[in-house]
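Please treat every number below as a calculation from the coordinates, not as lab data. Here the structure is a predicted model, which means the values were calculated and not measured. Ideal geometry is used to build each Cβ from the backbone, glycine not excepted, and the neighbour counts take in all protein chains shown.
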Amino acid sequence: MTRITPKTALLLTLPPLLWAGNAVVGRLMVGTVAPLTLNLLRWLLAALILLPLGWRVLRRGSPLWQRWRRFALLGLLGVGSYNSLQYLALQTSTPINVTLIAASMPVWMLGVGAFVYGERPRASQILGAALSLVGVLFVISRGSWDTLMQVRLVTGDLYMLVAVLLWAGYSWMLARPGDASAREWHWAEFLLAQITFGLLWSSLAAGAESSVREVAVPLSWPVLGALVYIAIGASLVAYRCWGIGVASVGPAIAAFFSNLTPVFAAVLSAALLGEAPAWFHAVAFGLIVAGIVVSSRR
């Protein structure tokens with residue numbers, strides 16, 4: 001079976017935890033900071049933090065400029081599109097709905113691999129995807145079929161569906177042999193290269209947003225705290241861990257770890273509301289871990 005070491009498992013588990021918090025923060029910012037502007041500020045702050053570590057990649061003669069087309073596409077799919085669409089989705093959808101749709105990632109990942117890269121999914125990967133999705137449904141439904149039937153899709157859910165498809169393409173680009181891979185670069189330079197081009201796309205999107213609606217960013221501690229969290233935790237730390245994890249085990253297996261996001265979202269909500277974890281959380285964790293183990297078997 002594909003080797004998943006404890007270190008790799010940790011690297012692929014941390015991003016879903018941080019992204020679950022990102023979904024909650026994005027929802028809290030609705031009505032306070034416009035979504036596309038929030039995405040631009042997020043990555044602008046991340047770039048400023050990363051600049052002292054990765055500035056060499058921006059120098060003339062850097063390998064970045066020989067591969068600028070690839071990094072422009074990586075920046076569009078990851079920084080520019082996925083995150084913008086997620087914040088747009090949270091305008092009309094809920095964090096639990098957004099993370100539920102994101103949990104379809106293994107299906108999209110296998111689809112992109114099959115139709116774009118000619119990677120036929122194995123039966124174990126299909127079974128693993130099914131187990132993980134059942135685990136996610138346990139969290140969403142809280143163990144009740146009636147609760148699951150009450151979930152309704154809105155416009156934001158469609159935004160998130162497109163975002164997940166783009167993220168699948170982004171992850172495959174990270175893992176393909178001969179492509180721009182995290183293993184070939186210093187981690188800070190690799191992230192900064194993506195963010196640099198992502199900021200161009202994010203600026204265009206935020207500019208278009210400001211032309212159709214009023215954009216204001218209130219200077220308050222909650223807003224500053226939210227920006228620091230999404231810039232450092234959900235951006236730099238999460239992207240660093242995800243890039244290494246995908247390079248280690250491949251995008252198809254890494255996608256199953258993303259199914260932990262709605263589970264973490266439920267646990268975080270339970271902690272914030274003072275509620276003890278319920279039995280369906282344990283069932284969901286078991287099914288999702290089973291999906292990871294089954295999908296990694298050859």
- Query: Where the Cα atoms of segment 2-58 are projected onto their three principal axes, how long is each span, largest first, in whole Å?
  - Reply: 44, 33, 15
- Message: 5 Å is the cut-off here: which amide hydrogens, built 1.01 Å from N in the peptide plane, fall below it relative to Ser93, excluding neighbours closer than 5 in sequence?
- Response: Gly156
- Message: Quick check: from the Cα gyration tensor, does the chain come out rounded (a/c under 1.5), prolate or oblate?
- Response: oblate
- Please find, in a Gaussian network model of the chain (springs between Cα atoms separated by less than 10 Å), the residue of Ser210, Ser132, Ser235 whose mean-square fluctuation is greatest. Ser210
- Task: Could you give the size of the charge dipole of the chain about its Cα centre, using +1 on the Cβ of each K and R and -1 on the Cβ of each D and E, expressed in debye and rounded to the nearest 20?
- Result: 880 debye
- Taking the Cα centre of segment 6-295 as the origin and placing charges on Cβ (Lys, Arg +1; Asp, Glu -1), which of Val134, Gly233, Leu48 is farthest toward the positive end of the dipole? Leu48
- Message: Tell me which trypsin sites (Lys or Arg not before Pro) from segment 6-61 have a DSSP coil assignment and no more than 13 other beta carbons within 10 Å of their own.
- Response: Arg59, Arg60
- Residue-normalised 222 nm signal for the chain, counting each DSSP H run of n ≥ 4 as -39,500 (n - 2.57), nearest 500 deg cm²/dmol, is -22500 deg cm²/dmol
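Hey, any idea what the orientation-averaged projected area of the convex hull of segment 32-124's Cα atoms comes to, in nm²?
Values: hull surface 35.9 nm².
If I average the Cα hull's projected area over directions, I get 9.0 nm².
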